[in-house]
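Following: one structure in structure tokens, then a few remarks.
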Amino acid sequence: MLFTIVVSYLPYTLVTAFTPGPNNIVALYAISQKGWKKGKDILLGIGAGFLCVMLLCGLFCYELAKYVPSIAGILKYAGAAYIVYLAVHVARSKPEAEERREMSFFKGFLLEFVNVKIILYAITVFTGYVLPYEATLLDVLFHAVMLTGIGLAGNLAWAAAGGIFQKLLKKYYLPFNLTMAAILIWCAVQLIFDL
């Protein structure tokens, strides 16, 4: 049964994990600007925050389902506002100025709690695939870890792209930053208008 459930949600989770979203854009940006050594803090924060959100969604999914319309509405706008903040920060930054700013664990961790994409990702998987078939706390914890692993695979793939193209992206930082900012703005628009 466990294998069947994982296989049933795998296509959805893989598509969601590897498509552009706030985590993936921030991971690509952090590694392209800072490299792996200095960018690792924000990636660790994203990972820790992702796991916390998956655990919270798994543990409280039945309660959240009762309140999804009101919570989703609030989180949608809060998440969109934070994503726009990230877009402005990315668009205005320069490699030289960015060297003084830390891409901190806390910033990556906080991103997860306003990232509506992963909250809806968790709610969708738990309510649609896991909870109708799994009833124990251990099963919920297992799937939370599994969902985190899949999500982080997407983040690391985007971070690796940033690492591979680091020199090129630093040389052409302005078009790259504007493109990344535009993608983040598009993520915010998608959240607000449910595109």
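The values are calculated or read from the model by the stated rules, or taken from the named source; none is laboratory data. It should be emphasised that the depicted structure is a prediction, and the values quoted were computed from it without experimental measurement. Positions of Cβ are backbone-derived with ideal geometry, glycine not excepted, and every protein chain shown enters the neighbour counts.
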Legend entry - Condition check for Gly79: closer than 27 Å to Leu10 by Cβ and at pLDDT 75 or above: no
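Does Thr179 fit the bill of being surrounded by fewer than 17 Cβ atoms within 10 Å (Cβ to Cβ) and polar (S, T, N, Q)?
Numbers: surrounded by fewer than 17 Cβ atoms within 10 Å (Cβ to Cβ): yes; polar (S, T, N, Q): yes.
Yes; evaluated as a whole, the condition is true for this residue.
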Inset, instruction - May I ask you to list the residues in region 143-171 that are buried (at least 19 other Cβ atoms within 10 Å of the Cβ) and among the β-branched types (Val, Ile, Thr)? - result: Thr148, Ile150
Legend entry - Given (1) of a type in the set (Asp, Glu); (2) at pLDDT 85 or above; (3) under 18 Å from Val116 (Cα atoms), index of the condition Asp194 fails: (2)
Legend entry - The one condition in (1) under 30 Å from Thr4 (Cβ atoms); (2) at pLDDT 80 or above that Phe109 fails to fulfil: (1)
Inset, instruction - Residue by residue through region 19-30, note down the ones that are within 10 Å of the chain's Cα centre (by Cα) and part of a helix (DSSP H, G or I). - result: Pro22, Asn23, Asn24, Ile25, Val26, Ala27
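Answer with yes or no whether Val125 is in a helix (DSSP H, G or I) and surrounded by fewer than 21 Cβ atoms within 10 Å (Cβ to Cβ). It would help to see each step written out before you state the result.
On the way: in a helix (DSSP H, G or I): yes; surrounded by fewer than 21 Cβ atoms within 10 Å (Cβ to Cβ): no.
Taking the combined requirement at face value, the residue does not satisfy it.
Look at Ala160 and say whether it is among the aliphatic types (A, V, I, L, M) and modelled with pLDDT under 75.
On the way: among the aliphatic types (A, V, I, L, M): yes; modelled with pLDDT under 75: no.
In short, no.
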Legend entry - Unmet requirement for Val26, which otherwise passes all of (1) under 30 Å from Lys171 (Cβ atoms); (2) at pLDDT below 80; (3) not acidic (Asp, Glu): (2)
Inset, instruction - Return the total of residues in region 133-175 being over 19 Å from the mean Cα position of the chain (by Cα) and among the small types (Gly, Ala, Ser). - result: 1
Legend entry - The one condition in (1) crowded, with 21+ Cβ neighbours inside 10 Å; (2) within 18 Å of the chain's Cα centre (by Cα); (3) modelled with pLDDT of 80 or more that Val130 fails to fulfil: (2)
Legend entry - Close pairs (7 angstrom Cβ cut-off, 6 or more residues apart or separate chains): part of a helix (DSSP H, G or I) in region 31-42, modelled with pLDDT under 85 and surrounded by 24 or more Cβ atoms within 10 Å (Cβ to Cβ) anywhere: Ile31/Gly162; Ser32/Gly162
Legend entry - Single match in Ile183, Ile150 (criterion: over 19 Å from Lys37 (Cα atoms) and at pLDDT 85 or above): Ile150
